[in-house]
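Quick notes on the structure that follows.
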Amino acid sequence: MDEVIQVTQWLSSITPRKKAKLFFFTTHADAPSPMVGSNDVDTHEETQLPLATTVALHNFKNIDEFLKKKVNTFSCYNVIENEITKTDYEYLRFYSACKYLDVVPPFLDLEKISAIQNKFEMTDEERDYRLLLDSADLVLEKVCDSLKPAGVSQMWTALRKDRNLIRGVKTIDIIGFFVDPNPTGIKECLFFFIVRFLQKADKINRVNTNRLERLIAQCDESSSCEEGKTIDFIIDSLRFYPTELYPFGFCLIMCVIEGRDGAMQEIEKTMEISRHLGMITHTEKNPTKETIELVKKELMKPKYQFYSSFTCWFMSHGDSNSMVLADGETIEREWFLTSFPDISTFQLKPKVFFMVSCRGANKFSLKGDEFEGQSATCDYYDIGSALIRNRMLDITDSVRDISYVQPMMDALVAYSTILDHLSGRANTHGSIYVDRACVLMSENISRGRSLTEILEHLSQDLHEILQETMDEDRIVYKQACHYDSFFRKTLKLPYTRHPKEDVHSAPQ
């Protein structure tokens, strides 16, 4: 059959809503640049004009033309073996979006996708199409699905009132002030236009969504939300780190085995809970400085941009400032913690570090049973937020910036013990902290708990456990863990463990 006819038939089989979503997922806002094959041309027209004209004319002609152009580009594309191009990214994004929406063109060359995945050095686990979807876009899709056409229309009206933001933008004028978002697919096009416009204007990104939240907050709940949804529910969904679908993230496990009883148990437990959470896991036993440098270099490879989060378990002996490696050399803990968050592939994504080692030799010793647990309660008063806001500074958009980010932002460092103190371990099971952390994460999956909630529970749980030194003094003591958070959103554990698909060298 003629390819033109095939493409036409394929497009005619896709609903308007799915066309809008396919366009949205394909025109991913955070596509890496500069890339080979990219001429750094402003893509404003390419990503926003088709949406604008579709909303204005209630006609999907321009989106159809865009999708036809993509298909034709991929059809003629020759995969270059030794360099990753912009088209490689676009091809993978397009394929994953089609797979997610169940609209894969029957004529799409899957062997090319496999060849591109080879260039990215993807393992079998990483060839799951869900890895290639951008989790932030999936969250935005759910927000759109939670809003009625009237809600998106109200967002548009609120955006149009911000004259400083929209001044001189031609696509805004194409849509006009009053919009009828009720025809099928038009609501989605208008919402996705608003999102991509705010992203291009550097007003929102995968972490900073305040500007979008403020637009949603101006909607009338009774007319703007789908059944069972509320404005608060929709806004709350934007306040979590986007980690939709499988995998939940990439997990790096580094464990010094030499001289550490139970270390293999630590590895088994952390691998089990990481896989249970739906992470793709890599383990380094007995790491050295050279190992750490090689791992950092590996994490800079382009394929890691597809991951939604990064978790690292580092288990070794240590003191207040450093950690002991397998060859007896030491590294400064601060150096380790500041070098990994700066890796560009995980920028604007949650990065969690579990640092499991002693930080000194002090012990919180118990000399009797007179210490009984006590609790205290306090009254909470509901203070009207509007009243408070009226008395606070008016922070305008002109003094806000989301372009420059401190490297440690979006990182969380969890310590197995407090400064200058021991980190307890059992001879056969390894670190008690690791054991309790894995148990609590396993118990709380599917409960919608955040990581920080679990770490707080872990702090309580660990501090209840009586431990004993292994020397001749046999001192009974307690251990206190804590964490330092630079998070700007909440990181929730997945509700369900997303199973891996049976994916091998060629996509199905």
Note to self: I need the full set of residues from the stretch 206-235 which are part of a loop (DSSP other than H, G, I, E, B), open to solvent by 60 Å² or more (accessible area, probe 1.4 Å) and either among the aromatic types (Phe, Trp, Tyr) or touching a helix residue (DSSP H, G or I) at 6+ places or on another chain (Cβ under 7 Å) (or both), in order please.
What the structure shows: 218, 220, 226, 229
Item checked: Filter result (within 21 Å of residue 61 (Cβ to Cβ), among the β-branched types (Val, Ile, Thr), out of contact with any Pro (no Cβ under 8 Å at 6 or more places or on another chain) and not in a helix (DSSP H, G or I)) within the stretch 162-204 -> 179
Next item on the list: Have a look at 492, 500 and point out the one that is within 30 Å of residue 130 (Cβ to Cβ), modelled with pLDDT under 85 and not assigned by the TED database to the domain that holds residue 346.
Entry: 500
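The rows are residues; the columns are (1) surrounded by 17 or more Cβ atoms within 10 Å (Cβ to Cβ); (2) in a helix (DSSP H, G or I); (3) modelled with pLDDT under 80; (4) of a type in the set (A, V, I, L, M, F, W, C).
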{"residue": "18", "(1), (2), (3), (4)": "yes, yes, no, no"}
{"residue": "25", "(1), (2), (3), (4)": "yes, yes, no, yes"}
{"residue": "29", "(1), (2), (3), (4)": "yes, no, yes, yes"}
{"residue": "46", "(1), (2), (3), (4)": "no, yes, yes, no"}
{"residue": "49", "(1), (2), (3), (4)": "no, yes, no, yes"}
Item checked: Single condition residue 439 does not satisfy, out of (1) over 18 Å from residue 251 (Cα atoms); (2) free of Cβ contacts under 8 Å to residues at least 12 places away in the same chain -> (1)
Check: Considering the stretch 279-298 alone, what residues qualify as being surrounded by 14 or more Cβ atoms within 10 Å (Cβ to Cβ) and over 24 Å from the mean Cα position of the chain (by Cα)?
Finding: 285, 286, 287, 288, 291
Next item on the list: Considering each of 272, 266 in turn, give the residue that is assigned by the TED database to the domain that holds residue 316, more than 22 Å from residue 345 (Cα to Cα), open to solvent by 20 Å² or more (accessible area, probe 1.4 Å) and not in a loop (DSSP other than H, G, I, E, B).
Entry: 272
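Residue-wise test of (1) at pLDDT 95 or above; (2) open to solvent by less than 10 Å² (accessible area, probe 1.4 Å); (3) of a type in the set (Phe, Trp, Tyr).
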{"residue": "125", "(1), (2), (3)": "no, no, no"}
{"residue": "128", "(1), (2), (3)": "no, yes, no"}
{"residue": "149", "(1), (2), (3)": "yes, no, no"}
{"residue": "187", "(1), (2), (3)": "yes, no, no"}
{"residue": "190", "(1), (2), (3)": "yes, yes, no"}
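The values are calculated or read from the model by the stated rules, or taken from the named source; none is laboratory data. Everything numeric here is computed off the predicted structure, so don't read it as measured data. As a convention, Cβ positions derive from the backbone with ideal geometry for all residues, glycine included, and neighbour counts pool all protein chains shown. Heavy atoms of the whole protein, side chains included, go into the accessibility calculation; ligands, DNA and RNA do not. Shrake-Rupley method; radii C 1.70, N 1.55, O 1.52, S 1.80 Å.
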